Amino acid sequence: MAAKKQSILSKMLFKRSLRGWARIADGAKSAPISALRKQRASARRLLVHLNRFVHVADNRLALPLIGSQAIQTSHDSDWAWRPEAWSGPLPTQGMASVPSKAMLGGEISMHHDCELSELSLRQLRNTREADLAPYGLRMDVFKFDGSFLSLVIDFPEASVVGLRRKHLIRLEPIIEMEKPLEIFARLNIKHGPNTEQVVRELPLNEKVPMVEFDLAYTKLNEKRIDNMWLDLIFEGPQMNQVTLRDLTLSRRPRAEV
């Protein structure tokens with residue numbers, strides 16, 4: 001009740017102040033010079049805080065909403081997901097000299113066989129108007145003496161509920177690079193003691209390098225599916241910076257013929 005009364009009082013005071021400044025503005029052309037000078041000084045002090053507020057508010061309101069799961073999918077998709085690294089703030093937002101199998105959050109891990117790790121991985125806030133994802137992920141690679149480098153993304157349990165060989169799994173990343181390199185996406189599905197793997201090269205010359213994994217060509221045992229994960233494999237990553245602005249996954253049943 002007290003909070004409600006305070007809110008009503010604040011609104012009344014704001015309206016009174018607004019009416020007062022409206023009268024001052026209306027009378028500015030005929031006000032005495034001495035009064036005008038004082039009013040201008042007061043207005044300038046007020047304007048400093050108003051401009052600061054509007055600047056911060058505009059910046060915050062222009063950013064993608066934290067936790068956003070706004071994903072562009074086809075109308076017949078029955079599952080869609082944006083991993084936590086792209087949808088909300090992580091407890092630890094970055095790592096340097098990243099050791100192999102190190103986790104960033106609960107879903108992303110980096111794998112490599114470097115003797116000396118000159119790799120860094122960090123989460124960053126997306127600020128571009130076109131961004132749907134609130135956050136991005138940036139990887140810096142300096143000297144690289146290993147034979148492989150990959151990011152592994154573990155999928156939630158919901159990804160395999162109802163999963164069938166008739167499904168197509170779609171990966172849509174938005175990627176920026178300092179210089180060209182090859183990136184392969186490998187979908188892994190564990191069913192019983194076996195793991196099915198489907199590999200696709202990302203078409204990085206396209207704005208959104210979308211790829212689809214067709215499960216019809218696998219030997220997937222639909223009754224024994226345990227879990228699913230994705231490997232992003234980077235070929236020749238040395239002296240490069242790769243920024244994953246967004247990464248979404250979805251699935252849809254193949255059209256019946």
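Quick look at the values:
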quantity: Condition broken by Phe155, with the remaining ones in (1) hydrophobic (A, V, I, L, M, F, W, C); (2) in contact (Cβ under 8 Å) with a residue 60 or more places away in the chain; (3) farther than 27 Å from Gly94 by Cβ satisfied; calculated: (3)
quantity: Filter result (among the hydroxyl-bearing types (Ser, Thr, Tyr) and under 17 Å from Thr92 (Cβ atoms)) within region 120-149; calculated: Ser120, Tyr135
quantity: Index of the failed condition, Ala158 passing every other in (1) among the hydrophobic types (A, V, I, L, M, F, W, C); (2) in contact with a strand residue (DSSP E or B) (Cβ under 6 Å, 6 or more places away or on another chain); (3) surrounded by fewer than 19 Cβ atoms within 10 Å (Cβ to Cβ); calculated: (2)
quantity: Qualifying position, being free of Cβ contacts under 8 Å to residues at least 60 places away in the same chain, in contact with a Gly (Cβ under 9 Å, 6 or more places away or on another chain) and over 16 Å from Thr248 (Cα atoms), among Ser117, Ser147, Ser97; calculated: Ser117
quantity: Test for Ser87: is it within 20 Å of Val141 (Cα to Cα) and hydroxyl-bearing (Ser, Thr, Tyr); calculated: no
quantity: Residues being buried (at least 19 other Cβ atoms within 10 Å of the Cβ) and not hydroxyl-bearing (Ser, Thr, Tyr) - total across region 221-257; calculated: 15
quantity: Condition met for Leu137 (within 21 Å of the chain's Cα centre (by Cα), over 26 Å from Arg252 (Cα atoms) and either buried (at least 20 other Cβ atoms within 10 Å of the Cβ) or modelled with pLDDT of 95 or more (or both)); calculated: yes
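Results for (1) of a type in the set (Lys, Arg); (2) touching an Asp or Glu at 6+ places or on another chain (Cβ under 7 Å); (3) assigned to a loop (DSSP other than H, G, I, E, B), shown as yes or no for each residue.
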{"residue": "Ser147", "(1), (2), (3)": "no, yes, yes"}
{"residue": "Ile175", "(1), (2), (3)": "no, no, no"}
{"residue": "Phe184", "(1), (2), (3)": "no, yes, no"}
{"residue": "Pro209", "(1), (2), (3)": "no, no, yes"}
{"residue": "Ala216", "(1), (2), (3)": "no, no, no"}
{"residue": "Met228", "(1), (2), (3)": "no, no, no"}
{"residue": "Gln238", "(1), (2), (3)": "no, no, yes"}
{"residue": "Gln241", "(1), (2), (3)": "no, yes, no"}
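The values are calculated or read from the model by the stated rules, or taken from the named source; none is laboratory data. Everything numeric in this text was worked out from a predicted model, so none of it was measured. Positions of Cβ are generated from backbone atoms using ideal geometry, with glycine treated the same way; all protein chains shown enter the neighbour counts.
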